[in-house]
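The values are calculated or read from the model by the stated rules, or taken from the named source; none is laboratory data. In this text, all values refer to a predicted model and were calculated from it rather than measured experimentally. Here the Cβ is made from the backbone with ideal geometry for all residues, glycine too, and neighbour counts use every protein chain on show.
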Amino acid sequence: MAEQSMDDAWANALEEAKPKKPAGNAAGGDWDALASGNDASGSRPPGFEELTDSTAAHSSSHNLDFLLDIPLDVSVELGRTSMIIDRMLQLTQGSVVELEKAAGEPVEIYVNRKLLGKGEVIVVNDRFGVRITEIISQADRIKNIG
């Protein structure tokens, strides 16, 4: 019962907030006064609370927290090569594919297929990893986005 009366109260408040244009008033008259907030009944336009720096900081922090859960695909490119189809069809288990990069050269680090920086390959507990040695400049990252 209380929930029904609350719904009715909200419906009434929303209905009162909407100014209605009279059907027979072609010149505007009172409608223009209502729209500008200068009607004869003494009603005023709604007042809004001013945002403070702490409110904006909290809001932006909340927005950033939402972005922190977005998954990203991180990949590392060890090297590249090109070959003709005939050579590729000859590959078998145990074949060696020579890459254009020499051992010890930095590898490229990509986030969502966009270059982030360079690093060196490391092994920790029998697992490969990459130590980031260079992150490309913000201007270059922005160029790579497009």
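Of all the listed residues (52, 81), the sole one being modelled with pLDDT of 60 or more, among the polar types (S, T, N, Q) and more than 26 Å from residue 131 (Cβ to Cβ) is 52.
Per-residue answers, yes or no, for (1) touching a Cys at 6+ places or on another chain (Cβ under 8 Å); (2) surrounded by 10 or more Cβ atoms within 10 Å (Cβ to Cβ); (3) in a strand (DSSP E or B):
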position: 96; (1), (2), (3): no, no, no
position: 99; (1), (2), (3): no, yes, no
position: 119; (1), (2), (3): no, yes, yes
position: 143; (1), (2), (3): no, yes, no
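For residue 113, indicate whether it is surrounded by fewer than 10 Cβ atoms within 10 Å (Cβ to Cβ) and at positive phi. The answer is yes for residue 113.
Here 75, 95 are screened, and the one residue that is within 21 Å of residue 140 (Cα to Cα) and out of contact with any Leu (no Cβ under 8 Å at 6 or more places or on another chain) is 75. Using the structure shown, decide if residue 99 is under 35 Å from the mean Cα position of the chain (by Cα) and among the hydrophobic types (A, V, I, L, M, F, W, C). So residue 99 does not fit the description; no. With respect to the conditions (1) modelled with pLDDT of 90 or more; (2) within 13 Å of residue 74 (Cβ to Cβ), residue 112 falls short on a single one, namely (1).
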